[in-house]
Amino acid sequence: MRSTEQLSGARLRAVTLAGAAAILAATAFVAGCASRSTPSAARAGDVVPPPDGNVAAAERSRAQAVALAPPQRVRNWAELRLQAAQRMVAANPGITFTGEVPETLLAIPVLEIELNGDGTVRRIEVLRPPRQAGDTVQIAADAVRRAAPFGDVSKLPRPWKFVETFLFDDQRRFKPRTLDP
C-alpha cells in the first residue's frame, strides 16, 4: 500500500503534466490563430471596397468633411498625380501631415487608384500592404475617396490608373509620397 506522501506526489505529477499539456495546447491554438490573416488585413492584389457606412467612430472623428473646389484641368499624368495628392491632403486635414517625413514610419501602403473618365474613383487595389498597422490601407483608401474627383482624365492615355504611396507616422497620419521632395 502506498503512503499518503507517495500518493500526493503521484497526484501532483499528474496535475502538473495535465497543466503543462493544457498550456501547450493553448499556446498552439493561439499561435495558429495569430498566423492566419484576418479579414481586415490587406494583401497585395486586394481591392479595397468602398465604405458601407460602418466606419469606425475613431476614423469618423479624425476625418472631417471638407468641401473641395472642383479639380483643375490636367494635361498629363504627372499633373494628375500632383493634384490628387494635394486634394488628398486638403480633404483629410485631421489625418495628414505635410512637414518632414519621420525617420521611422509606422506603415507604407501602396495603392493603385483606377479612375473613370470624369476623375471619380472606379477601383482601388492594394499593391503593397504594410507589414504592420494593416488598418492604414483602409484609412488611405477612404482618404482617396474623400478627395475625388481628381479631374477629367478622358483625354489622357489609358489605362486611367495611378499609383500612390502613403507614408504613415506613429499617429496614423499620412503624407502622399508624391508630395515628398
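Any read-out appearing in this document is the output of simple, stated calculations on the displayed coordinates, not a laboratory observation. Since the model is a prediction, treat every value here as computed from it, not as a measurement. Using ideal geometry, Cβ is built from the backbone for each residue, glycine included, and neighbour counts are taken over all protein chains shown.
Brief remarks on what is shown
- Residues that are aliphatic (A, V, I, L, M) and surrounded by fewer than 20 Cβ atoms within 10 Å (Cβ to Cβ) within the stretch 122-146 comprise LEU127, ALA133, listed in sequence order.
- ALA107 vs. criteria surrounded by 15 or more Cβ atoms within 10 Å (Cβ to Cβ) and touching a Ser or Thr at 6+ places or on another chain (Cβ under 6 Å): yes
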